[in-house]
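Read the structure below first, then the notes.
The values are calculated or read from the model by the stated rules, or taken from the named source; none is laboratory data. Values in this document were obtained by computation on a predicted structure and should not be read as measured data. All Cβ positions, even for glycine, are placed from backbone atoms using ideal geometry, and neighbour counts span all protein chains on display. For the accessible areas, the whole protein counts, side chains as well, though only heavy atoms, and no ligand, DNA or RNA atoms are used. Shrake-Rupley method; radii C 1.70, N 1.55, O 1.52, S 1.80 Å.
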Amino acid sequence: MDLNRIIKLLEEEDKDVSEEKQLNYIKKLIHCYQNGFPLRDLAQIFKILSLCAEKIEKQPCFVEPASDIIKLCGLPFLKKKVSDEITYTEDTANSFALLGELMKIPSSALRIQICKCIVDFYHAEPLKKHIPGYQQVSSSYKIKMVEVGGLAKAMVQSALLLENQLVEKLWVLKVLQHLSTSGVNCTLMVKAQAASRICAHLNDPDPSGQLLFRSSEVLWNLLEKSSKEEIIQQLSNLECLLALKEVFKNLFVRGHSHYERQLRNDILVITTIIAQNPGAPMIECGFTRDLILFATFNEVKSQNPLVKSLKLFNCYEDFELKKLLFNIIVILCKDLATVQLLIDGKVILALFTYVKKPERLKIIEWSAAQYEELQLHAIATLSSVAPLLIEEYMSCHGNSRILAFLEWCGHEDSYFIHGNSFHGTGGRGNKFAQMRYTLRLLRAMVYLEDETVNKDLCERGVIHQLIEIFKTMMSRPAEKEEAIALEIQSDTLLILSGLCENYIQRKEMFGTGGVDIVLHVMKTDPKNLQRGLGYNVLLFSTLDSIWCCILGCYDSEDYFLEKEGIFLLLDILALNQKKFCNLILGIMVEFCDNPKTSAHVNAWRGKKDLTAASLLIKLWRKEEKELGVKRDKNGKIVDTKRPLFTSFQEEQKAMPLPANCPSIAVMDVAENIRAKIYAVLDKLDFENLPGLSAEDFVTLCIIHRYFDFKIGEIWNEVSEEIKLEKLRLVTADERSLHSIIAATENIGKMVASLQSEMIENQALQDVQNEQRVYAKIQATHKQREQATKSWENFLARTSNAKTLKKAKKLQEKAIESSRYTERPQNATFHQTVIKGLNTTVPSGRVVTVQSTPTRLLGGPLADTDIALRKLPIRGGALQRVKVKPPLNDPKKSIPT
């Protein structure tokens, strides 16, 4: 068709052009394109649609043809070339943007048709009739063009025009429901404030119930596919929360169908997400009070008319609702303004109804698995709520309830949980899950450091009970739930640490039983620390318990030393894991106050006979290397003015600080382990330290003067700050300051000189040791040469008769020369030489003959028959060899 002619006809305002003629042409156009619009004609067709829309206000008869054109847009578009989709992208996107603009035309039929058309984009069906020369555009093309054209934003804005028109509003919500499945569209909708606009009208009257369903679906999609923070910000206003509150109350009280309960839970989840924003007026709109009421009415009877005749069932939706209500209480209690509402709602009492042994004979509204999950969820909720309501916790006898429940958890009986829920992870077939969350609750209460709570716990025997629980966990074999068991042990030790810290009497109650469990953990295989199952946390908890439960109690300290606890500490320190070093060294410093500790420290030996002093010095060198302290290749001081300066201190410029702010030099003491190493070695007196090398002694010189160097460093900072603040000291103070700085520098020079002397002495010692080694090697070689020469002489004598005679003569001559030349009178002469011997060695009555070695003869049992037929070619002892008999010999083999 000639589309330009139709456009020209519609644009003409001549009275001669009849309305009927224009409508006829549009009907022909609709008939022509009844199988879909080609992409190349789309711009002109939408131009015609736009002209028709302009005429609707004065000529309502154009509504029907405009609606028919829009209806055809719901059919798949056609392309003549493959490249048409790219070529006409802009035209298509602009055309879809026009659909959004047409929503402003006050025509119900037209608006509904536009919505139907957009919905058809997402439910496209292929054409039944093939059009020659054309191909159908892919179904995803329209959806992509909707995103490019920004149709979603226009549809959100059009919703404002439909506040009192329910049918059209429902169609728009249906469109938004489809559009919100795309992240791009969701972003555009958020910019148009879609979340707040939709949420504010949740409670609008709607007999069909579609409005609430579609609105909640759109809100869900927006939360999932766009900026969650921005959506929460849009919904955190009084209008939206009031709407959510009314909707939730109506569904909670009057909703009975499966669909209504699901919708109620969805609304509660959206509310939970909004409640995470501290600025949301949850309390102001009264929503918090209602949620607390709904969460506790089943456990604490209320006279409120909202819940007076209300009851929850054990259906899945009500079960999920109960868990969601527990969850939102945890979120709401982060706002301290909620505390009074929690007190009024008796939340602590309601939650404590689950902290008890399940009663089998009692009929309850939940199944066993459901009750188990709610029980765990309630205990987890108490961990967040109870620390805020200490008085209510104590009035409900919280400590006695927890300890009684812990005692039940420790008993082995026929009750086993299902372990199907998130909180029940690792608890199938045992009570680990209950014990785990109960200990978390107890830990939260203990670490409040409230003396009333902790004193009451100790009076009820919690320390001995926790030690027994730990021993029970130790005695159980390794199971699949190893990580859960480790967490239980860690929490137990942390609770004991929180109770015993600063209380000698409680440390005495910890006693030898507590020391035994600490030692048990310290004997754990170091390889487990790399497994990532919680062994690191357990070891940290153990070290913390040493600090809080053992140190300060002399009996426990002595028992710890007696059981080689210091050896175990040093074994862990020797693992060279930085995360443990600081804490272990702190414990060592405190333990060294005990006079018995030094002997244990000096007696310890690690791998390759490593001593404790050598280990500490190696840790010092490693720490200084990481801190970037300047040392030469021998570990000697380079900068005598600032011998302890780290690379970080050098980068920081000096600046004046208030008197109550620690300087960089002071902070350095707490930020690394050098001060603790110095403290330990200082308590070992720096003398008679075993197993130190020359390199260790060089480093020890620096450690010995650490305190002096640190004082000088602080005085240098004072001097720098005085210069920066342009202050002038009085003469006496200035002289004193220079003297202190000079004295520190002199100490640095003295230490450097001592180190140089040590290094030279060690070099000289190394040379002397090397000479001794060379002398030993030389003597060994000389001895070997003499042995070789003696052997050669022996061979010469035994193989050459002349040499033997010559040696014999020399022997006789030597014998004669050794005798007295003058014989004493009346002396009897005894002949010592046996005549006729041809040996060149001194002879006696016993002669040792060097024979053929037994390894060649084969030993006394070797067969050495004289009648040999054939010798073995391998050599060695004579052996029997089997040979083939002659043809006329009946024997199979002949022994030889």
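Computing FRET efficiency as 1/(1 + (r/R0)^6) for THR452 and GLU101, where r is the C-beta to C-beta distance and R0 is 60 Å, gives about 0.30. In the complete set of protein chains, residue-level accessible area for GLU760 is approximately 120 Å², probe 1.4 angstrom.
The HN-Hα couplings worked out from phi for region 397-404 by the Karplus form 6.51 cos²θ - 1.76 cosθ + 1.60 (θ = phi - 60°) are 6, x, 4, 5, 5, 5, 5, 5 Hz, whole numbers, x standing for Gly and Pro.
If you sort TRP408, TRP547 by accessible surface, 1.4 Å probe, largest first, the order is TRP547, TRP408. Ranking TYR134, TYR447 from most to least accessible surface, computed with a 1.4 Å probe over the protein chains only, gives TYR447, TYR134.
The fraction of accessible area contributed by carbon and sulfur in the chain is 53 percent, rounded to a whole number (1.4 Å probe; ligands and nucleic acids excluded). Each label point was placed 7 Å from the Cα along the Cα-to-Cβ direction; for GLU650 and GLU721 their separation is 2.4 nm. Relative to the longest principal axis of the Cα atoms of the chain, the long axis of helix 316-332 makes an angle of roughly 70 degrees.
Listed options for Rg and Dmax of the Cα atoms in Å are [x] 48.8, 184; [y] 34.3, 112; [z] 30.2, 109. The value calculated from this structure is the one marked [x].
When all protein chains stay in place and ligands, DNA and RNA are ignored, the 1.4 Å accessible-area order of ARG401, ARG111, ARG261, ARG254, largest first, is ARG254, ARG401, ARG261, ARG111. You can think of it this way: the chain between TYR316 and LYS630 has 106.2 nm of extra reach, that is 0.36 nm per residue less the Cα-Cα gap.
The distance between label points at TRP220 and ASN602 comes to 7.5 nm (points 7 Å beyond Cα on the Cα→Cβ vector).
Relative to the current alpha-carbon distance between LYS622 and GLU239, full extension at 0.36 nm per residue lengthens the span by 131.7 nm.
Each residue of region 18-29 was assigned a 3J(HN,Hα) from its phi angle through the Karplus curve 6.51 cos²θ - 1.76 cosθ + 1.60 (θ = phi - 60°); the sequence is 7, 5, 5, 5, 5, 5, 5, 5, 5, 5, 5, 4 Hz, with glycine and proline shown as x. Taking amide H atoms as placed 1.01 Å from N in the peptide plane, the amide H of ILE637 has no partner under 5 Å among residues 5 or more positions away or on other chains. Ligands, DNA and RNA aside, MET522 has an accessible area near 10 Å² when probed at 1.4 Å. For LEU561, the solvent-accessible surface with a 1.4 Å probe is about 0 Å², rounded to the nearest 10. The amide H of THR611, built 1.01 Å from its N in the peptide plane, has GLY606 as neighbours under 5 Å, considering only residues 5 or more places off or on other chains.
In this structure region 1-149 gives 54 Å² per residue of accessible area when probed at 1.4 Å with all protein chains present. A straight Cα-to-Cα reach below 27 Å connects LYS809 with the lysines LYS789, LYS835, residues fewer than 8 places away in its own chain not being considered. A Förster distance of 60 Å, applied to the separation of the beta-carbon atoms of SER309 and ALA109, puts the FRET efficiency at 0.80. Considering only VAL767, SER693, TYR706, the residue lying farthest towards the positive end of the dipole of region 609-792 is VAL767, judged by Cα position with unit charges set on Cβ.
Cα centroid distance between region 329-407 and region 763-788, in Å? Cα centres, region 329-407 to region 763-788: 83 Å. Around the Cα centre of region 609-792, unit charges on the Cβ atoms of Lys, Arg, Asp and Glu (plus for the first two, minus for the last two) sum to a dipole of about 400 debye.
In a fully extended conformation the segment linking ASP685 and GLU246 would gain 150.4 nm over its present Cα-Cα distance, using 0.36 nm per residue.
Against the chain, whose longest principal axis comes from its Cα atoms, helix 731-799 is set at around 50 degrees. Rounded to the nearest 10 degrees, what's the angle between the helix 258-275 long axis and the longest principal axis of the chain, both from Cα atoms, 0 to 90? Helix 258-275 and the main axis of the chain meet at about 60 degrees. The simple spin-label model puts a point 7 Å past each Cα toward its Cβ; for THR828 and GLU230 those points are separated by 13.2 nm.
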